[in-house]
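S.K.: The structure under discussion is supplied below as C-alpha cells; questions concerning it will follow.
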Amino acid sequence: MIIAIDGPAASGKGTIGKRLAAHYGLRHLDTGLLYRAVGKSVLDAGKTPDDRKAAIAAAQSLDLTRFDEATLKGAEAGEAASHVSAIPEVRAALVNYQRAFAAEKPGAVLDGRDIGTVICPDADVKIFVTAAPEVRATRRGNEYRAAGKAVDDATVLADIRKRDERDSSRAASPLRQADDAVLLDTTAMGVEEAVAAAIRIVEARRRG
Ligand code: CDP
Ligand code: CDP
C-alpha cells in the first residue's frame, strides 16, 4: 500500500504520515526534509537559495546523513527549501529516490507537496491535509517555542503564507490537491482526532 499525503506548511502532514505508517506497518518519508537539506547545503556553501547552479549541484550530490533533523526543521532551512524546490532540475534530481522509497515492500507513506500529483500518481490512498493558516502558524510556533526558540505567531504566519504562495504558484510540481485526493481539514481537530480521521479515509478507500 502506498499512501500519499500533501498539504500546505505545518498542516500536520508529517504527524499524520508517521502515525499512519506505524498503524499500517509501512515506512514513512517526509519529503520536505529532502528539499530542506538541499536548501541548507546551499546556505552552508555560502550561496543564496536562488543560486540555480549551487542548488542543482547540492540536489545531485545530496547526502542526508550530513544533517540533523532539528536543523532541517528550522525556519531558515524551510525558507531556503521553498526557493530551491522551484528549480525543475532540483526536483528532477530527487524524484528517483522518492519513487524507489515508495516502491519498496511492504509500501510506504510519503508526505510533501507533489506526492499525489507527481511522485506517486497511482498511490492507493491520497489525502490532502489542510488547516486555517492562523491555526497552522500557532502549531508551528508552539514547536519552535518547545525547541527553545523565541518566535511570535504573527512572524510564523507571515512566513507560512509566503511559502504557501511560492509553493502554489511555481510552474514545477506546484502544491495542488490531486483530483482523486480526499480533503482533510484539521482546523478544529487535535492530533488524535486528525489521525483517526485519516485512518477512516484509508479504510474507506480500501473497502471501496
Ligand atoms: O513542514 P512544512 O510543511 O513546513 O515544510 P516541508 O514539508 O518540510 O517542506 C519545506 C519546503 O520544501 C516546502 O515549502 C516546499 O517548498 C518544499 N517541498 C516541495 O516542494 N515538495 C515536496 N514534496 C516537499 C517539500
Ligand atoms: O508536516 P507538517 O509541516 O505539515 O506538520 P507537522 O510537523 O506534522 O505538524 C505541525 C505541528 O502541529 C505538530 O507539532 C503537531 O503536533 C501539531 N498538530 C497537528 O499536527 N495536527 C493537529 N490536528 C493538531 C496539531
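S.K.: Under 5 Å between amide H atoms, partner at least 5 residues away or on a different chain: which partners does A131 have, H built in plane at 1.01 Å?
M.R.: Answer set, sorted by chain and number: T186.
S.K.: On to the next question. Can you sort L64, L110, L33 by solvent-accessible area, 1.4 Å probe, largest first? Mind dumping the intermediate values first?
M.R.: On the way: L64 60, L110 0, L33 35 Å².
Accessible-area ranking of L64, L110, L33, largest first: L64, L33, L110.
S.K.: What number, rounded to the nearest 500 deg cm²/dmol, is the helix-based mean residue ellipticity at 222 nm of the chain, given -39500 (n - 2.57) per DSSP H run of at least four residues and division by all its residues? The partial results should precede the final answer.
M.R.: Numbers: 9 runs with 112 residues, N = 208.
That calculation yields -17000 deg cm²/dmol at 222 nm.
S.K.: Next question. So how do Y35, Y24, Y97 rank on accessible area, 1.4 Å probe, biggest first, that is with the largest at the start? Spell out each step's value before the answer.
M.R.: Working: Y35 20, Y24 45, Y97 110 Å².
Putting Y35, Y24, Y97 in descending order of accessible area: Y97, Y24, Y35.
S.K.: Just to confirm, what accessible area per residue do you get for the chain at 1.4 Å probe, in whole Å²? Walk me through the intermediate numbers first.
M.R.: Details: 9850 Å² over 208 residues.
That works out to 47 Å² per residue.
S.K.: If you plug each phi of region 23-36 into the Karplus form 6.51 cos²θ - 1.76 cosθ + 1.60 with θ = phi - 60°, what whole-Hz ³J(HN,Hα) values come out, in order, with x for Gly and Pro?
M.R.: Rounded to whole hertz, the list is 5, 9, x, 10, 8, 10, 10, 8, 6, x, 4, 5, 5, 5.
S.K.: Continuing with the same structure: Please state the relative contact order of the chain as a whole percent: Cα pairs under 8 Å, 6+ residues apart?
M.R.: 32
S.K.: How big is the dipole moment of the chain about its Cα centre under a simple scheme where the beta carbon of each Lys and Arg is +1, that of each Asp and Glu is -1, and everything else is neutral? Debye, nearest 20, please. Mind dumping the intermediate values first?
M.R.: Numbers: 31 positive and 30 negative charges, 50 e Å.
Roughly 240 debye for the chain.
S.K.: Build a GNM of the chain with springs between Cα atoms under 10 Å: which of A147, A158, A75 gets the top mean-square fluctuation?
M.R.: In the Gaussian network model the winner is A147.
S.K.: For region 2-206, report the convex hull volume of the alpha-carbon atoms normalised per residue, in Å³, without decimals.
M.R.: On the way: hull volume 23.7 nm³, N = 205.
Dividing the Cα hull volume of region 2-206 by its residues yields 116 Å³.
S.K.: Would you mind checking K13/K126; K18/K162; K18/K126 for any pair whose Cα atoms are more than 21 angstrom apart?
M.R.: Values: K13/K126 12 Å; K18/K162 26 Å; K18/K126 15 Å.
Pairs exceeding 21 Å: K18/K162.
S.K.: Given springs between every Cα pair under 10 Å in a Gaussian network model of the chain, which of P88, P133, P106 has the largest fluctuation?
M.R.: Its mean-square fluctuation being the largest, the pick is P106.
S.K.: Tell me the accessible surface of H28 in square angstrom (1.4 angstrom probe, heavy atoms of protein chains only), to the nearest ten.
M.R.: Answer for H28: close to 50 Å² accessible.
S.K.: Which of G112, G141, G12 moves most in a GNM of the chain, Cα contacts under 10 Å?
M.R.: It is G141.
S.K.: Using a 1.4 Å probe over the heavy atoms of the protein chains, calculate the carbon and sulfur portion of the accessible area of region 93-208 as a whole percent. Intermediate results must be reported in sequence, preceding the final value.
M.R.: Details: 3230 of 6010 Å².
Carbon and sulfur together cover 54 percent of it.
The values are calculated or read from the model by the stated rules, or taken from the named source; none is laboratory data. Because the structure is a prediction, the values reported are computed rather than measured. Backbone-built Cβ (ideal geometry, glycine too); neighbour counts: all protein chains shown. These accessible areas exclude ligands, DNA and RNA; they are computed on the full protein's heavy atoms, side chains included. Shrake-Rupley method; radii C 1.70, N 1.55, O 1.52, S 1.80 Å.
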